[in-house]
Amino acid sequence: MLAEQIVNGIVMGSLYALIAQGYTLVFGVLDKLNFAHGEIFMLGGYIGVSSVALGASIPLALLLVMIVCGALGLLVEFVSFRKFRSHDAHITSALSSFAFGLVVLDLVQKSWGTEPVAIELPQTLRVANLEFLGVHFSLVKLSILGIALVLMAALHLAIARTSLGRSIRAVAESATSASLYGINVTRVIQLVFLLASALAGFAGVALAIRTGFASSDVGFTLGIKALAIMAIGGMGDLRGAFLGGLMIGVLEALAFQWGFGQLADTGVWLFMIFVLLVRPTGLFAARSSKEARA
Amino acid sequence: MIAKSEPLLAIRDLNKQFRGLTALDGVSFDIAQGELLGLIGPNGAGKSVLVNVVSGIYGATAGTVSFLGSDITRLPSYQLARLGIARTFQNIRLFGRMTVLENVLVADKRYLTRPFRSLFAKGAHDDLAAAEDLLERVDLIEKRDALAGTLAYGEARRLEIARALAGGPRLLFLDEPAAGMNEREMQELAAVIRSFRPALDAIVLIEHDVALISELSDRLVVMDSGKVIATGKPVDVFADPRVVEAYLGVEECDD
Amino acid sequence: MIQDYVMQTGVNILLAWSVYIILLSGSLSFANGGFMAIGAYVSAVLTVKFGVPLILAAVLAGGVAFLFGIGVAFPALRTRGLYLILVTVGIAASVRAMLESIDYVGGIQGFSGMSGASPWHVVALVVIVGAALWLLSRSRLQRILDAVREDELVAASMGINVLYLKLACFGAGAFIAAVAGSFYAHYILFVRPDEFGILASVYIVLYVVLGGMNNLWGALVGATIMTLAPELMRGLAQWRPTVFGLLIVVLLLVRPNGLLPFRIPTTGRAKRRAVKP
């Protein structure tokens, strides 16, 4: 069913958007890429699966995941970004965070094995669905979509309206002048890593619930694809990451529906290259990329 | 110096816009063979933009630049350099991780125009004598093996000039070479510029210091808000009330 | 066993040099895993399906990658810094994804049937490329490239055709990566698209960054250590990837400019000086 595929695409797209917003937040304040981000997202799935297996309710599992992944994000910032603050060091921090991701991946595979681990969901939850105009929508998927949208809206509001958000925007504009205004730049950067990683963790659990298992290769497949989506939407632009995620999710679902599934990955990367060449500020970025950052 | 009939460089109605902001507004003037032309104006008058357009770093929005009668408006930066148009940069831009000597040697046109052939050409060798002579004349020979990034401010300015000269240019734009220099350093710089003058067809000097520019220039072009507001001999130009208002009125005079 | 080490180290040195060659003109390429894949697949198709001799196939594959490298670099070089890095990441990812969808070369299952490469092919190539880079490091071309890498705007304003040099470096780097990939494929006997892609590309860049980006020895040392270090960790076999990852993190913290960060001046006086990034 086409409508069902589109809804599936939107659900998947909202997860892409969550991960991509993490990349874009970090890029916004530091002008650097966090290559450990995909593996933190992957880890989220496993923490979620294990929490549920140990008897945690789904909301509790989500909370646990966001705490653990957020903490790990702080560690990534400390190990791979704190010392490499200068502009020239963007390669060093990218490679260092990449190596950090390798460690996370290996430790996950040590702890949970290399095979996917199934999540134990109550039967009632799994089959529950809504019928609308003759189309069935899974309740689980719709909840994932709903929570993802709420989280992103909350993030958007927090950055647009709160004083912490103002600090983040100030650091994104210029760390030097932000520190002149008495903003603790390091604290702001930590906050950004915390937020980005917690959101990635949520996306990890949501994916595990949606597909029914946690898998160790999603960090490198979906996690990296979200990086491309971030660039498509506009590097450092939250709204761009959101719209880019939904767009790619839907396009991908349509590609599978019409039998081009094999080409979806190639398509995303070629699309990213095209966007970076023709409109480096991204498809959805506001007029000035500097203004639109974080 | 007697100017020949054909100008070395002719700038006609040059216009440059940055996102609707007009940086150059119908600039026209000639640079005659043999002259040392002073280009002055308050900050933001468009002097550096003009040099950037003429040296091919920015494209012109409208207007033409011709060199010895041929249109060079659309040529890329490296081809302009090969024609003999050289420049220095207002904010010093040396190759900081290369040695002083390398900064000069790299400018050798015989090699940088044919980078791959330079590998196999018979008898190809660095013209060390010429490079060292050049360094001698800007008083940097002692520093020949120092990294350019470690030079003091005045030394770095002089090395920029030496590097620009090492390519054997016909026309040289010096973009505020005396900025931040003290009186003694400025006099040394003036001596350096004079000593190189015969080797070049023309020099354009952008400078704020009225004494220095009056002393060195044959002729002045005054810019304000992207337009040329006066040209002529230094004495006449500084007597022009429009210049006094636009330039001296806004800028604090250093001396 | 020792043959495997020689082969792996040699291939990785060549790949590291292929990144170093592109870096000579100031661009950091994460596309070299893709160039290597093109080399491996093109040469494999030539030898297996058309019976072309290995060396010729490797050179032809190198030629294809050379053209591909220039073809993708021409538009890609419109971007700078992290944007260029992302574009090259995209190239590596697209090459892999494309190979996975081409049934003619086995798609996701991989491609086999080639053979005939020995470690000596690779050792010979390491010697040739190393000698060429050593000669280059003492030449005027190196000096011109250094100028481009330091400040391309100034280099252009001196008369250097920056784009031409950058394209040449991309082409040459792609060529070396592809020839290395050809020998690799004909030694390992079986290739799959997921061996290349982004992961391989990042590893290659790591060799160069950890070794040092300002001279040819850095890439050589970085690739050698990073290839053999996991073997030396046999005692830790179970923890190898974790220890390896931590080793990289620590090395970057301790020596962010690489193990051998110096640049050798091109004026013959081989005074070695520490160079900051």
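The values are calculated or read from the model by the stated rules, or taken from the named source; none is laboratory data. Everything numeric here is computed off the predicted structure, so don't read it as measured data. As a convention, Cβ positions derive from the backbone with ideal geometry for all residues, glycine included, and neighbour counts pool all protein chains shown.
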Does B:ALA86 satisfy being within 15 Å of the chain's Cα centre (by Cα) and part of a helix (DSSP H, G or I)? no
From C:VAL154, C:VAL123, which residue is β-branched (Val, Ile, Thr) and away from chain B (no Cβ under 14 Å)? C:VAL123
Filter region C:173-200 for residues that are in a helix (DSSP H, G or I) and at pLDDT below 95; the one that is farthest from C:LEU28 (Cα to Cα) is C:ILE188
Yes or no: C:ILE128 in a helix (DSSP H, G or I) and more than 10 Å from chain A (Cβ to nearest Cβ)? yes
Scanning region C:99-120 for residues that are buried (at least 19 other Cβ atoms within 10 Å of the Cβ) and at the interface with another protein chain (Cβ under 9 Å from one of its Cβ atoms) gives C:GLU100
Inspect region A:239-258 for any residue being of a type in the set (Val, Ile, Thr), crowded, with 18+ Cβ neighbours inside 10 Å and in a loop (DSSP other than H, G, I, E, B) and give the result as yes or no. no
Of everything in region A:53-94 that's of a type in the set (Val, Ile, Thr) and away from chain C (no Cβ under 14 Å), which residue is farthest from the chain's Cα centre (by Cα)? A:ILE58
Within region B:56-71, track down each residue that is more than 14 Å from chain C (Cβ to nearest Cβ), assigned to a loop (DSSP other than H, G, I, E, B) and surrounded by 14 or more Cβ atoms within 10 Å (Cβ to Cβ). B:ALA60, B:THR61, B:LEU68
Which one is farthest from C:ASP151 (Cα to Cα), of the residues in region C:77-90 that are more than 7 Å from chain A (Cβ to nearest Cβ) and surrounded by 24 or more Cβ atoms within 10 Å (Cβ to Cβ)? C:VAL89
Looking for something more than 22 Å from A:VAL140 (Cα to Cα), crowded, with 21+ Cβ neighbours inside 10 Å and free of Cβ contacts under 8 Å to residues at least 60 places away in the same chain - is there at least one such residue anywhere in region A:26-33? no
Any hit, region A:164-173, residues being touching a Lys or Arg at 6+ places or on another chain (Cβ under 6 Å) and part of a helix (DSSP H, G or I): yes
Scan B:ASP224, B:ASP175, B:ASP236 and give me the residue that is over 24 Å from C:ILE160 (Cα atoms) and in contact (Cβ under 8 Å) with a residue 12 or more places away in the chain. B:ASP224
Yes or no: C:ILE13 more than 14 Å from every other protein chain (Cβ to nearest Cβ) and aliphatic (A, V, I, L, M)? yes
Name the residue, out of C:ILE204, C:ILE264, that is modelled with pLDDT under 90, more than 9 Å from chain A (Cβ to nearest Cβ) and in contact with a helix residue (DSSP H, G or I) (Cβ under 7 Å, 6 or more places away or on another chain). C:ILE264
Contact list, first residue from region B:46-72 and on the phi > 0 side of the Ramachandran plot, second anywhere and charged (D, E, K, R), beta-carbon distance below 7 Å, six or more apart or interchain, is B:GLY63/B:ARG12; B:GLY63/B:ASP13; B:LEU68/B:GLU6; B:GLY69/B:GLU6
In region C:234-253, how many residues are out of contact with any Asp or Glu (no Cβ under 7 Å at 6 or more places or on another chain) and either at the interface with chain A (Cβ under 10 Å from one of its Cβ atoms) or surrounded by 17 or more Cβ atoms within 10 Å (Cβ to Cβ) (or both)? 13
